[in-house]
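Provided herewith is a single structure, encoded as structure tokens, for subsequent inquiry.
The values are calculated or read from the model by the stated rules, or taken from the named source; none is laboratory data. All figures in this text were calculated on a predicted structure; none of them were measured in a lab. Note that each Cβ is placed from the backbone with ideal geometry, even for glycine, and that neighbours are counted across all protein chains shown. Ligands, DNA and RNA are stripped out before the accessible areas are found, and what is left, the full protein with its side chains, is counted by its heavy atoms. Shrake-Rupley method; radii C 1.70, N 1.55, O 1.52, S 1.80 Å.
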Amino acid sequence: MAKILLLGCGDLGRKLAVRLIAAKHAVIAVKRSPLKSPLAGLQVVLADITAEQSVKKIPTDVDIVVFVLSPSQRNKADYQSLYEQGLLNVLSHFTHASSSTSGASPRCLLVSSTSVYGQDNGEWVDEESPAQASSFNGKALVQAEQQLWAHCADNIVVRFSGIYGRGRESLLCGVREGKPVQYDPPRYSNRIHEEDCLGILCFLIDRALFNKPLENLYLASDSAAVPLADVALWLSELMACPPPPARPANLALKGMNKRCRNDRLLRLGYVLRYSSFREGYGELLESS
């Protein structure tokens with residue numbers, strides 16, 4: 001049994017805590033506000049990592065630290081405050097603790113995003129591709145990743161593509177509502193089912209705890225990087241909805257147009273539960 005610290009306990013963090021507790025780990029979650037509903041076996045520490053004094057409440061005698069952060073608002077200031085200053089506060093807290101005890105800081109794992117990639121012409125990207133984000137959130141995540149590796153080169157970053165699953169059904173709603181999609185030029189999209197996000201995190205945490213070989217960066221996406229219009233058309237057929245109308249050529253979207261490779265993660269031995277949108281959305285629609 002290991003002692004695992006979760007920085008952030010939103011939707012994904014709480015579900016990760018459930019799995020780690022079921023695996024008999026001792027789990028501590030750091031949150032800015034109390035849980036909306038209690039979770040048996042979870043110790044909660046109320047602290048704001050963007051406030052240097054508040055960070056001192058965070059315990060440091062843990063085996064691994066997992067950053068599952070989520071800003072209160074989707075704006076530049078909140079992203080910078082949380083992913084830049086907040087993460088720096090936590091890393092400094094652990095550095096100070098390790099120097100006081102002459103011990104090593106625990107290994108860290110950061111949940112990041114493929115928004116760190118600025119490629120927007122349908123290029124393939126992987127862990128070796130340059131992370132030159134153009135969006136404010138992507139830039140904040142790039143900075144966070146660099147801080148994490150500067151603290152320790154063996155710290156791990158996982159870049160997730162678009163997460164979908166139960167409660168994350170914006171594309172399904174868009175197809176039902178007849179929201180236009182871009183057919184030409186094709187606009188590629190990438191996604192990963194929430195169950196695979198959780199599976200991947202548990203898989204990497206286990207390997208880290210048992211000191212099994214790990215790279216310091218993984219791109220986590222399913223194996224079907226396809227134009228978003230293809231996914232929307234397939235969903236419309238499955239839901240017996242009219243095909244999504246075409247977005248007017250003069251309103252063609254730019255940015256967020258790349259194809260993500262997951263080879264490194266698959267070579268490590270992770271087996272996707274949902275290798276494409278067909279398995280994931282198919283099960284989602286069947287169960288609902």
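Could you size up the charge dipole of segment 100-212 around its Cα centre, putting +1 on the beta carbon of Lys and Arg and -1 on that of Asp and Glu, and report it in debye to the nearest 20?
With only Lys, Arg, Asp and Glu charged at Cβ, the dipole is about 300 debye.
OK, next. Would you mind working out the accessible area per residue for segment 205-249, using a 1.4 Å probe, and quoting it in Å²?
Details: 2200 Å² over 45 residues.
Heavy-atom accessible area per residue stands at 49 Å².
List the relative contact order of segment 116-241 as a percent without decimals, with contacts defined as Cα pairs under 8 Å and 6+ residues apart. Don't jump to the answer; show the numbers that get you there.
On the way: 129 pairs, mean separation 38.2, N = 126.
Over segment 116-241, the number comes to 30 percent.
Out of the total accessible area of segment 128-283 (probe 1.4 Å, heavy atoms of protein only), what percent is carbon and sulfur?
51 percent
In debye, nearest 20: dipole of the chain around its Cα centre with unit charges on the Cβ of K, R (+) and D, E (-)? Don't skip to the end; give the middle numbers.
Working: 32 positive and 29 negative charges, 110 e Å.
In debye, rounded to 20, the chain gives about 520.
Pull up all non-local amide H partners of V44: gap of 5 or more, or a different chain, and H-to-H distance under 5 Å with H placed in the peptide plane.
Residues meeting the amide H criterion: A29.
Could you check which residue among A240, A153, A232 shows the biggest mean-square fluctuation in a GNM of the chain with a 10 Å Cα cutoff?
Top of the fluctuation ranking is A240.
Something else: Going by amide H atoms built from the backbone, whose H comes under 5 Å of the H on K258, apart from near neighbours?
The list, which skips near neighbours in sequence, is G122, Y188.
I'd like the distance between the alpha-carbon centres of segment 1-69 and segment 132-168, rounded to an integer number of Å.
Value for the Cα centre distance between the two parts: 19 Å.
In addition: If you roll a 1.4 Å probe over the heavy atoms of the protein chains, what accessible area per residue do you get for segment 131-177, in Å²?
45 Å²
Nothing charged except the Cβ atoms of Lys and Arg (+1) and of Asp and Glu (-1): what's the magnitude of the dipole of segment 67-151 about its Cα centre? Round to the nearest 20 debye.
Approximately 400 debye in magnitude.
Binning every alpha carbon pair distance of the chain at 10 Å from zero, what are the percents per bin?
6, 27, 34, 22, 9, 2, 0
Of the peptides 37-43, 144-150, 88-94, how do they stack up when ordered by the mean number of other Cβ atoms within 10 Å, highest first?
Order by mean packing, descending: 88-94, 144-150, 37-43.
Can you list residues from other chains, or at least 5 along the same chain, whose modelled amide H is less than 5 Å from the amide H of R107?
V65
After finding the eigenvalues of the alpha carbon gyration tensor for segment 132-232, what semi-axes result from the square roots of 5 times each, listed largest first in whole Å?
31, 17, 12
Using only Cα atoms, find the angle between the long axis of helix 136-151 and the longest principal axis of the chain, and express it within 0 to 90 degrees, rounded to the nearest 10.
For helix 136-151, the angle is close to 40 degrees.
I would also like to ask the following. For a protection proxy built on the mean count of beta-carbon atoms within 10 angstrom, sort 123-135, 246-258, 274-286, 107-119 highest first, please.
Working: 123-135: 15.2, 246-258: 12.9, 274-286: 17.6, 107-119: 22.5.
So the order, starting with the most tightly packed, is 107-119, 274-286, 123-135, 246-258.
Over segment 1-110, what is the mean sequence separation of C-alpha contacts under 8 Å (at least six apart), divided by residue count, expressed as relative contact order in percent?
28 percent
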